[in-house]
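The values are calculated or read from the model by the stated rules, or taken from the named source; none is laboratory data. Note that this is a predicted model, so its numbers are computed, not measured. Note that we place each Cβ from the backbone using ideal geometry, even for glycine, and neighbour counts take in every protein chain shown. Please note that ligands, DNA and RNA were not included when accessible areas were found on the heavy atoms of the full protein model with its side chains. Shrake-Rupley method; radii C 1.70, N 1.55, O 1.52, S 1.80 Å.
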Amino acid sequence: MAKRRLHAHCLCGDIKIDAKVDRLRVSVCHCDTCRRWCGGPFMAIEGAGDVTIAGIDSLGVYASSEWGERGSCKRCGSALFFRTKDASHYGLSAMACTDIDDAELSEQIFIDSKPSWYDLANDTKKLTGMEFLAQFASDEG
Ligand SMILES: [Zn+2]
Ligand SMILES: [Zn+2]
């Protein structure tokens, strides 16, 4: 199957990201860290590969856990991606991408961390933090 090319950029335009994906699926994370980091649930294009980042001088990378880090623009503050520290897995911000009108919102994770005062109407798979991490561990093994 031909890979889909993705283009993303931050608000000020200093950082431009290109990537490829097999399918345009968006995963929403409701965890405390994501919400505090990007000011809302983090909506990520899952499984982005061949990631290239231009404007690296403006990129700020924050280690948010022992195994993950988050990239944002130092100039305009846009939240751009979550990645594992070895960069083998990227969750690229769907909101930073252009031309993804045909994306599918496929799952919500850390649903047990979601504040009670909002709900997404999309009918998606929902995983608790524990369920999500268990899935990740079995993928790795
Ligand atoms: Zn920027
Ligand atoms: Zn999260």
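The table below lists the values:
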{"quantity": "Enumeration of residues in the range 32-47 that are surrounded by 16 or more Cβ atoms within 10 Å (Cβ to Cβ) and either more than 9 Å from the chain's Cα centre (by Cα) or within 14 Å of ligand 2 (Cβ to nearest atom) (or both)", "calculated": "THR33, CYS34, ARG35, TRP37, CYS38, PRO41, PHE42, MET43, ALA44, GLU46, GLY47"}
{"quantity": "Within the range 110-140, tally of residues that are surrounded by 10 or more Cβ atoms within 10 Å (Cβ to Cβ) and not in a loop (DSSP other than H, G, I, E, B)", "calculated": "14"}
{"quantity": "Filtered residues of the range 81-109 (kept if open to solvent by 40 Å² or more (accessible area, probe 1.4 Å) and not basic (Lys, Arg))", "calculated": "ASP86, ALA87, SER88, HIS89, MET95, THR98, ASP99, ASP101, ASP102, GLU104, LEU105"}
{"quantity": "Any chance ASP18 is more than 13 Å from ligand 2 (Cβ to nearest atom) and surrounded by 13 or more Cβ atoms within 10 Å (Cβ to Cβ)", "calculated": "yes"}
